[in-house]
Structure formats: C-alpha cells, structure tokens
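Read-outs: derived from the displayed coordinates by stated rules, not from any lab. Computed from a predicted model, the values in this text were never measured in an experiment. Note that each Cβ is placed from the backbone with ideal geometry, even for glycine, and that neighbours are counted across all protein chains shown.
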C-alpha cells in the first residue's frame, strides 16, 4: 500500500479552514490525510466581535466548533504548536510530534499590547475577545467624557474594523441618548484613514466618520499610555475610555523556525510558497508585497483566497498535474455604518498597472450580505 500524503495545517482560521475544505472537497480521505492544529477549538468571523461589543450578539452565538471537522474526515488537534522543523518535516505540539508531506502555515498575527508601555493597565484591546463584554459594559454605563480609539501599530488585521467600531459605538451612544456629551476621537499613525485602500476611498471613510462627529487624528504615533492619557511622539491627549488596536506580530514559533525575521511576518509571493520545500504560508502570518510601500491587507477574505490557491496547487501536485495557480489579490471588506446599512470596500491588489479599490454605496442590502457572509463560512467550513 502506498503512503497517503499528509497535509498539516497550522491554524484553524480563515486560511486554514478554506484550504482544508478545498482539499477535502477535491480529494477523499483515501487520497489525502488532512490535520488542522490550533490552540483554540473555535472559529469566529472577526467582525462578529463588533456585534458583541454593541450587544446584538453573544460570544457563544458567534463561534463554530473546530471539533466538527471530524465529520469531514479532517483531523483536528487542539494543542499549542511548540516547534516547526522544515528540515525533518516535523511539527511538535505539547504532547506529540506530527510529520507532514505538505505544510500550510496559517497561524495568524498575534496581538502584542505589551509593546506599548501602559496599554495593558490603562486601556482595552478592541481585538481581544476576552475584552469584548467589558467594553460593552463600559459603553453602556459611560454618561460623558472622551472615548479614544487608537491604532497603535501597522499593519493590523481587518483595516476597516476600527472605523466600523467608531461608527457602531456612535450608534450605541445615540441610542442611549448620551452621544452629545461624549466626544469620540480616532487616532491613527497613518497619514490617511485607510492607506491600503488609497486616497479616494480614504477620503470617503473620513467623510463618513466626520459626518457622525467622530474626530480623526492622523499621523498620531503612540509612545505610551498613562492613566487617562495617551502619549504620542509629538503630542499628548486625555481620555476616559481607551479602545486600542495593539501592534501585531507573528507567533514566536515562526522566528524560532527561521521562517521570518524577529517579529516580522513570513515573506511570500503570489504562489504562497516559503523558502522550504512543500511549506506554504497564508493569511495574516504573511507579508505579500504589492508595491514597494504596500502589501496585501491582513483580512480574512485574502487569507481565504490564499488558502484556496495553495490547496489547488497541492491537489495538482498530488494528482501529478502541471498547472499552477496564483493568488488573484481580489477581495472585499464590509464597512458597517451604525445606521443599519453597510458598504463594501472592493479591492483588486494585483490589477494592472496599480491596485484598484472602490467603496460601494451604503445600503441595507450590504448589511444582509455581511450577515450572509458569516453564515456561509460557518456552515460550509464546519
């Protein structure tokens, strides 16, 4: 009997689940073994966090269980990944060593609030699911003062999300009748709202937040956080409630294995290959340059596209076919307005001669599409 090739996928997020499902939908368990390893046993579409913050959702109703993968003959192992050895083709977890023929690294980016002195003590992390219900409670009890939303490092996951958060928070406060006595300030280290989307879309997003009296402060590079005070490189300001998007780094195991330089991400091209044979990397753990100053944004839709690309190329290899596909760089992110509508930022990162972006009209239909997007991922993948 010939050995069945084994694909090991590190991470059960957008990229990992998209590649596992693409592989399994094309090849049976007698042709291919698939294993996903993740230290948590649930998957959540990132934007559901904002719905938990505004109280229209609970954590329990927003997650799918990775333990359901067994039904698709995809093995799921809930363990910490301790080491990746591309030379011996082995992955070490807390309790076992797993060997692979093909490896897909989709471990995502790690939030690193500790990189900003004082942040952990004096602010909340907008992207940490453990902070969501506390943030909700704070927003339901605040009566006056200043709310600061601060992006504290670039690149960060899901670029429009902090702007959506500001609009949804504005809506919550309006509903409570306290918005007039609360100031919302938005601080970003970037010169415009959404550099990856270009100046035109950035201007539209600026107009959108300004129309709700949310004040955008550009080029605000954070140094540290003190009690009720943000210290920037060339200014400081006070706040009553701080919601931060902390710096993002790659998981430590990525540097330890020589896949990336200290705290940088894994550099890939559109084939998502790494420098090691049959080792691929996708999603937020990677950096895929588009131009000298721009990379593919860190967003689930792009991780999904890269995951499908890699899966197709692995299938071709296993079936001894010649064709190779490349990630097309197309995707879209929803931008909810806080007024029961949403728009879509449509992106084509590799269009010629330069990336194109477009912001659609904000309407109720797009909000329905956003909810549908989440439903489809959870039901199709798990």
Helix-only [θ] at 222 nm, the chain, -39500 (n - 2.57) per DSSP H run of 4+, per residue, nearest 500, equals -8500 deg cm²/dmol
Per-residue Cβ contact counts at 10 Å, fewest first, order 100, 187 as 100, 187
Can you tell me the 0 to 90 degree angle between the C-alpha axis of helix 364-381 and the longest principal axis of the chain, rounded to 10?
-> 30
State the antiparallel share, in %, of DSSP beta bridges confined to the stretch 148-232, rounding to the nearest 5.
-> 35
For the stretch 227-324, what proportion of DSSP beta bridges, expressed in % and rounded to the nearest 5, is antiparallel?
-> 75
Report the normalised scattering of the stretch 113-247 as log10 I(q)/I(0) at q = 0.21 Å⁻¹, calculated by the Debye formula with identical scatterers on the alpha carbons.
-> -1.39
Percent of beta bridges antiparallel (DSSP, the chain, rounded to nearest 5) | 50
Taking Cα pairs under 8 Å and at least six residues apart, what relative contact order does the chain come out at, in percent?
-> 19
Treating every alpha carbon of the stretch 1-98 as one equal point scatterer without solvent, the Debye formula yields log10 I(q)/I(0) values at q = 0.13, 0.15, 0.16, 0.25 Å⁻¹ of -0.53, -0.67, -0.75, -1.31
Residues 35, 309, 341 arranged by fewest to most Cβ contacts within 10 Å | 341, 35, 309
Translational diffusion of the stretch 275-323, µm² s⁻¹ [Kirkwood Rh, Cα pairs; Stokes-Einstein; 4 °C; 1.567 mPa s] = 107
Using the Kirkwood radius over Cα pairs of the chain, the Stokes-Einstein translational diffusion coefficient at 20 °C and 1.002 mPa s, in µm²/s and rounded to a whole number, is 99
Does anyone have the angle between helix 14-26 and the longest principal axis of the chain? Alpha-carbon axes, 0 to 90°, nearest 10?
-> 30
Shape metrics for the stretch 29-167, restricted to C-alpha atoms - Rg then Dmax, Å = 18.9, 62
Post the alpha-carbon centroid distance, the stretch 220-246 to the stretch 146-182, in whole angstrom.
-> 15
Quarter of the Cα convex hull surface for the stretch 192-257, i.e. its orientation-mean projected area (nm²) | 6.8
Mean Cβ count within 10 Å, highest first, over the residues of peptides 64-70, 140-146 | 64-70, 140-146
Taking only Cα atoms, what is the 0 to 90° angle, nearest 10, from helix 132-141's long axis to the longest principal axis of the chain?
-> 10
